[in-house]
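Encoded as structure tokens, the structure appears first; notes follow it.
What follows is calculated from the coordinates using simple rules that are stated; it is not laboratory data. What you see is a predicted model, and the numbers here were worked out from it, not measured in a lab. Cβ sites come from the backbone with ideal geometry, for glycine too, and all protein chains shown count toward neighbours.
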Amino acid sequence: MNAWRAASLAAQFGATVVGCIAGGVALGIWADVQLGSAPAFLLVGVFAGVAASLYLLVAIYRLQDAPRPPRQF
């Protein structure tokens with residue numbers, strides 16, 4: 001794996017973690033405001049975001065680690 005591919009993989013990992021957790025927090029806050037339940041859905045959103053990011057990190061890693069077919073020219 002060259003340096004550019006490693007940097008790309010690190011950027012994918014970072015964007016996935018930040019995006020999933022931020023989305024979970026945003027949805028949790030929105031649900032708390034709509035339903036008037038102080039931190040309940042915020043905590044659910046954080047845990048759901050962490051779980052989704054872990055799942056997607058494993059999926060990204062498996063796609064990167066999968067054998068590639070040889071190039072056809």
Could you calculate the contour length gain from Ser37 to Asp65, that is, 0.36 nm times the residue separation minus the distance between their Cα atoms, to one decimal place in nm? 5.8 nm
Please work out which option in (i) 27; (ii) 33; (iii) 49 gives percent of Cα pairs over 19 Å apart calculated from these coordinates, and answer with its label. (iii)
Run the simple label-point estimate for Asn2 and Leu57 please: 7 Å along Cα→C-beta, distance reported in nm. 2.7
As I understand it, the value is the acute angle between the Cα axis of helix 40-65 and the longest principal axis of the Cα atoms of the chain; what does it come to in degrees, rounded to 10? 10
Pairs of alpha-carbon atoms within less than 8 angstrom and 6+ residues apart define the contacts here; what relative contact order does the chain have, in percent? 31
The chain, helix-only ellipticity at 222 nm - DSSP H runs n ≥ 4, -39,500 (n - 2.57), divided by all residues, nearest 500: -29000 deg cm²/dmol
